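The values are calculated or read from the model by the stated rules, or taken from the named source; none is laboratory data. Quick caveat: nothing in here was measured; it's all calculated off a predicted structure. Backbone-built Cβ (ideal geometry, glycine too); neighbour counts: all protein chains shown.
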Amino acid sequence: MSSVAHDLWSVFDARRVKAKELRGLDQFCHGMVGWFKNKRRILPRLAAQAQRVETLEPEIHALGATRFREEVAELRDLARLDRLDGPALDRALALGREAAVRGVGLRPFFVQIMGAVALCEGLITEMATGEGKTLTAAVAASLWAWMGRPVHVITVNDYLVQRDATDMRPIYELMGLNVGYVIHETTPSERYDHYRRDVVYITSKELVADFLRDQIALGNLRTATQTAVGLLIAPSHHGRLLVPGLWKVIVDEADSLLIDEAVTPLIISNSPEAEGNTQLYQHADTLAAQLQQKADFTIDWSTRSVELTQRGHNRLDELARDDGGFWQGQRRREELVTQALTARYCFIRDEQYLVSTEDKVQIVDEFTGRIMADRSWRHGLHQAIEVKEGVPVTADKENLARMSFQRFFRQYPIMAGMTGTAWESRGELWGIYHRPVIRIPTNKPCIRTHLPLRFFDTLLQKWEAVVHRVCEINDTGAPVLVGTRSVLASEEVSRRLAALGRSHRVLNATQTAQEASIVAEAGQQGKITVATNMAGRGTDIRLARGVAEMGGLHVIATEPHTSGRVDRQLYGRAARQGDPGSAQMLASAEDDLLMRHAARLRRQWRGIGPARLIALAQARAERLARFNRKQVLRNDDWMDQSLPF
């Protein structure tokens, strides 16, 4: 009982109830505080501390194994007393660097020590792609974990979770810590054990799902006092909680998770064995097929939504007049038919979803290009897509608990993050999470060459130019990475390259099992790699011998994303750690971003200028996304004030 009680107390102690949304003068003052915090001259102080760590390096390096362990134990005791500061903190960082040297044979650079200090201070740290964020996080997580409570390190997929925990394990062991990791296949008993280790590597989806399962298990318990009384009455009633509280977290690819995916809800649900409304969804699809676009309904491409016109309302009333029963209710039938229209026109196979070999509709994560296992759209949209694709209709799920990533991460008392592209979002990161952003300089100057943007009228012209450019570079022997936004686009490039007899590898939502090997080979001479969104990928791209002399890796972006930050993530795969490399975008007036957010201006791109047009469309897309996040933030604040979880 004592173990369970401690876990429950930790859960409640870790919760933070956010204040109501700030408005007016309060909001202005809060924004000004964030502006000043982001403008502070932090780098000189971080550099001075990193220099002190470097000064200690010869002394720490000369320590024998026994004395090293004793030093670790002494400083860990100070950390538990919350007295790890000043010279003691410098020495702890020096021990962390030496542990990396002895454990994995990697010596953190000067700028990585600066990054580790920034993480320890709870900052969002912008470090360029290839600058060694994994090693930086291991040093910072070690010092945090010395304080005696689990530290969560969040990364973007199960492959990186397992790889980083395994690769960094020797460092943690030398620092007197044990490390665990949780992936989709981890069993409940293994999860219980790993969550209680000093450092836990995990994806956000697995962590939030386990946290919600714990909240369901707690039932109506609101406070630690109620929980303790409940345990005294029925010690085994609530079983074992998986997540023993939320304390400190380091978020990798912080802008992707905390901004782009912030409003994505993670839902715990149960599902009846059979769908009793299959015939309703099928009939709604039949009715939708008889409606005409523009005349009967309009499409808002910016939000992928459908709205019936007055003629559409009348037409649907006429079509359903003799159907009787369910279809006599105007609101009910219009909701189902609208979802059927949305499925037909706004959601495209191999872009927003795939159909598996088991005839299941699987959602593709827009930001990572990966399949979102066991996820489904709500309010009948998933079933409408299943009817559209002619696969078995699954049962509509009953939601038991839900939470947005934005709301979840605001519960951590202490949070830090790492990413290659955070500076543009510094205002929002401060406003939502109260986290300032710091830009850490690169270890070596970046010598990436950005080639001029090429723009075309049609998709056909663009794909022909993309393939021609790939072949042109491939003939020189340099490796090429082609970035696409969807599975459909990656397969279009693949089909054209295959027709020309060009050997290549494809990395998208259907090849996740081969991700590690495909990425590892992307820097080899003569390699052509076609990949969907690169957030969290490309960490293992290293140039083979002789490739640098050929100009390094060349990145081709085939379409602008809704945020310029995501484009920068793709460009960052080239010219890492001072290597040569180049990047170029090829776009068209028929690309999804421009179709949705610059529909009236896209044909005038010659007068406006293609770069300016893309910037305008991205600004509109980001403005809409910020509005949606603000709405979710208001809802999250209300839920924090009103609900137990």
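Worth pointing out:
- Listed by position, the helices (runs of 4 or more DSSP H) contained in segment 181-257 that have at least 3 residues being modelled with pLDDT of 80 or more, farther than 16 Å from ALA401 by Cα and not β-branched (Val, Ile, Thr) are 188-194.
- Identity of the residue in segment 592-625, over 23 Å from the mean Cα position of the chain (by Cα), assigned to a helix (DSSP H, G or I) and without any contact (Cβ under 8 Å) to a residue 12 or more places away in the chain, that ends up surrounded by the most Cβ atoms within 10 Å (Cβ to Cβ): ILE608
- Against the list (1) under 27 Å from VAL72 (Cα atoms); (2) assigned to a loop (DSSP other than H, G, I, E, B); (3) of a type outside the set (Val, Ile, Thr), the condition PRO170 fails is (2).
- Any chance GLU386 is among the acidic types (Asp, Glu) and touching a helix residue (DSSP H, G or I) at 6+ places or on another chain (Cβ under 8 Å): yes
- Scanning segment 545-567 for residues that are touching a helix residue (DSSP H, G or I) at 6+ places or on another chain (Cβ under 9 Å), in contact (Cβ under 8 Å) with a residue 60 or more places away in the chain, within 24 Å of GLU126 (Cα to Cα) and not in a helix (DSSP H, G or I) turns up HIS554, VAL555, ILE556, ALA557, HIS561, THR562, SER563.
- Residues in segment 173-214 that are among the aliphatic types (A, V, I, L, M) and touching a His at 6+ places or on another chain (Cβ under 7 Å): VAL182, VAL200, ILE202, LEU207.
- Residue match in segment 104-112 (condition: of a type in the set (Gly, Ala, Ser), in the same structural domain as PRO44 (by TED's automatic domain parsing) and touching a residue at least 24 places away in the same chain (Cβ under 8 Å)): no
- Only helices (runs of 4 or more DSSP H) whose full extent lies in segment 1-110 are considered here, and the ones with at least 3 residues that are buried (at least 16 other Cβ atoms within 10 Å of the Cβ) and at pLDDT below 60 are 2-14.
- Of everything listed in (1) modelled with pLDDT of 90 or more; (2) among the polar types (S, T, N, Q); (3) outside any helix (DSSP H, G or I), the single unmet condition for GLN282 is (3).
- Qualifying residue in segment 550-560 (condition: under 29 Å from the mean Cα position of the chain (by Cα), surrounded by fewer than 20 Cβ atoms within 10 Å (Cβ to Cβ) and either within 27 Å of ALA621 (Cβ to Cβ) or modelled with pLDDT of 90 or more (or both)): no
- A single member of VAL200, VAL182, VAL208 is within 21 Å of the chain's Cα centre (by Cα), hydrophobic (A, V, I, L, M, F, W, C) and closer than 21 Å to GLY103 by Cα, and it is VAL200.
- Counting only residues that are touching a residue at least 40 places away in the same chain (Cβ under 8 Å) and out of contact with any Leu (no Cβ under 9 Å at 6 or more places or on another chain), segment 490-506 holds 2 of them.
- Filter pass, GLY551 being among the small types (Gly, Ala, Ser) and under 27 Å from THR134 (Cα atoms): yes
- The set of residues in segment 280-317 that are of a type in the set (Lys, Arg), farther than 20 Å from HIS379 by Cβ and surrounded by fewer than 18 Cβ atoms within 10 Å (Cβ to Cβ) comprises LYS294, ARG311.
- So LEU616, is it at pLDDT 90 or above and closer than 18 Å to ARG454 by Cβ: no
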